[in-house]
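First comes the structure, then the notes that go with it.
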Amino acid sequence: MKLLGPKKDLDIAGKAIDCMKSTTSFSEFKENWENFLFRIERSWEFTEITLKSKKGFQQWHKPYTDLRKKDPLLLFLRQARNAEMHSVTPTVTKPLTMEVVDKSGRGFHLNSVSSRLENGTLTIDLDSPDILLDLDTRIMPADPEVVRFKNRGKWYNPPWQHLRERIRDLHPVGLAELGLVFYRAYVNEAEIWSQRT
């Protein structure tokens, strides 16, 4: 049996990854991250619904189901989809990174740094023994990153492992690419299995 619907969803998920790679807008990045999560989950569900009435499917499918419950990456992606789709908590963020420099290029000493956020305004207090400082603050480019999130009362940390291999790149695009490889293999193997039975 051809699984055209799940394969189309995975193609769209792949395009979402490509968009995440090329965009410079965090809102576009987040939209494509959410679309990626939705499409991989839908490919899983559509495959399962299409084949569940075939004899022997549950036995064939059980190792995949177990893997999605135990594998840190697959569990994270599944729960991230749930958190994002139900607007519970965000699963990706773009951290704000600032650099404070003396405009003359001289170094300076700090005793302490404190900050507060009031009514959308971030105030940073620098305690320095240096006098006559002329400081400038620059917003530094930062990459999006996955974050710890809570869904249905349970916390999910960014994944550190997939298929017993340590994950080296925790950038959302790297995680998405690993996830897409798994889901493509799952759908392809399901299609082969269904044609043999």
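The values are calculated or read from the model by the stated rules, or taken from the named source; none is laboratory data. The structure presented is a predicted model; accordingly, all values stated were derived computationally and were not measured. Counting neighbours? That spans all protein chains shown, and the Cβs are built from the backbone with ideal geometry, glycine included. Ligands, DNA and RNA are stripped out before the accessible areas are found, and what is left, the full protein with its side chains, is counted by its heavy atoms. Shrake-Rupley method; radii C 1.70, N 1.55, O 1.52, S 1.80 Å.
Do any residues in the range 68-83 that are under 22 Å from GLU31 (Cβ atoms) and free of Cβ contacts under 8 Å to residues at least 12 places away in the same chain have Cβ atoms under 7 Å from those of residues that are assigned to a helix (DSSP H, G or I) and open to solvent by less than 10 Å² (accessible area, probe 1.4 Å), where the two are at least six apart or on different chains, and which pairs are they?
Going by the 7 Å Cβ cut-off, there are no qualifying pairs.
Say we look at the range 135-158 and pick out the residues that are at pLDDT 85 or above and open to solvent by 70 Å² or more (accessible area, probe 1.4 Å); which of these is nearest to the chain's Cα centre (by Cα)?
GLU145
List the residue pairs whose Cβ atoms are under 7 Å apart, where the first residue sits in the range 23-42 and is basic (Lys, Arg), the second is surrounded by fewer than 18 Cβ atoms within 10 Å (Cβ to Cβ), and the two are 6 or more positions apart or on different chains.
So the pair list comes out as ARG39/ILE12.
For VAL100, which of the numbered conditions (1) within 23 Å of ILE139 (Cβ to Cβ); (2) among the β-branched types (Val, Ile, Thr); (3) free of Cβ contacts under 8 Å to residues at least 12 places away in the same chain fails to hold?
For VAL100, the failing item is (3).
What pairs come out if I take residues in the range 172-197 that are among the charged types (D, E, K, R) and pair them with residues that are open to solvent by less than 70 Å² (accessible area, probe 1.4 Å) whose C-beta lies under 7 Å away, six or more apart or interchain?
GLU177/ILE17; ARG184/LEU10; GLU191/LEU3
Of the conditions (1) under 20 Å from LEU175 (Cα atoms); (2) touching a strand residue (DSSP E or B) at 6+ places or on another chain (Cβ under 7 Å), LEU135 fails just one. Which one is it?
(1)
Among the residues of the range 76-111, write down those that are of a type in the set (D, E, K, R), part of a loop (DSSP other than H, G, I, E, B) and within 23 Å of ARG148 (Cα to Cα).
LYS94, the sole residue that qualifies.
What about GLY174, is it touching a strand residue (DSSP E or B) at 6+ places or on another chain (Cβ under 9 Å), small (Gly, Ala, Ser) and within 30 Å of LYS21 (Cβ to Cβ)?
no
For the range 83-104, give me each residue that is open to solvent by 70 Å² or more (accessible area, probe 1.4 Å), farther than 28 Å from ASN32 by Cβ and not charged (D, E, K, R).
If the condition is that a residue be open to solvent by 70 Å² or more (accessible area, probe 1.4 Å), farther than 28 Å from ASN32 by Cβ and not charged (D, E, K, R), then SER104 is the only one that fits.
Go through the range 36-49 and give me each residue that's open to solvent by less than 50 Å² (accessible area, probe 1.4 Å) and farther than 18 Å from ASP66 by Cα.
PHE36, LEU37, ARG39, listed by residue number.
Do we have any residue at all in the range 178-190 that's at pLDDT 95 or above, under 19 Å from the mean Cα position of the chain (by Cα), assigned to a strand (DSSP E or B) and within 30 Å of THR50 (Cα to Cα)?
no
Can you name the condition, by its number, that SER114 falls short on among (1) modelled with pLDDT under 85; (2) part of a strand (DSSP E or B)?
SER114 satisfies all of (1) modelled with pLDDT under 85; (2) part of a strand (DSSP E or B) except (1).
Sort out which residues of the range 151-170 are without any contact (Cβ under 8 Å) to a residue 60 or more places away in the chain and either aromatic (Phe, Trp, Tyr) or touching a helix residue (DSSP H, G or I) at 6+ places or on another chain (Cβ under 6 Å) (or both), and write them in order of number.
TRP155
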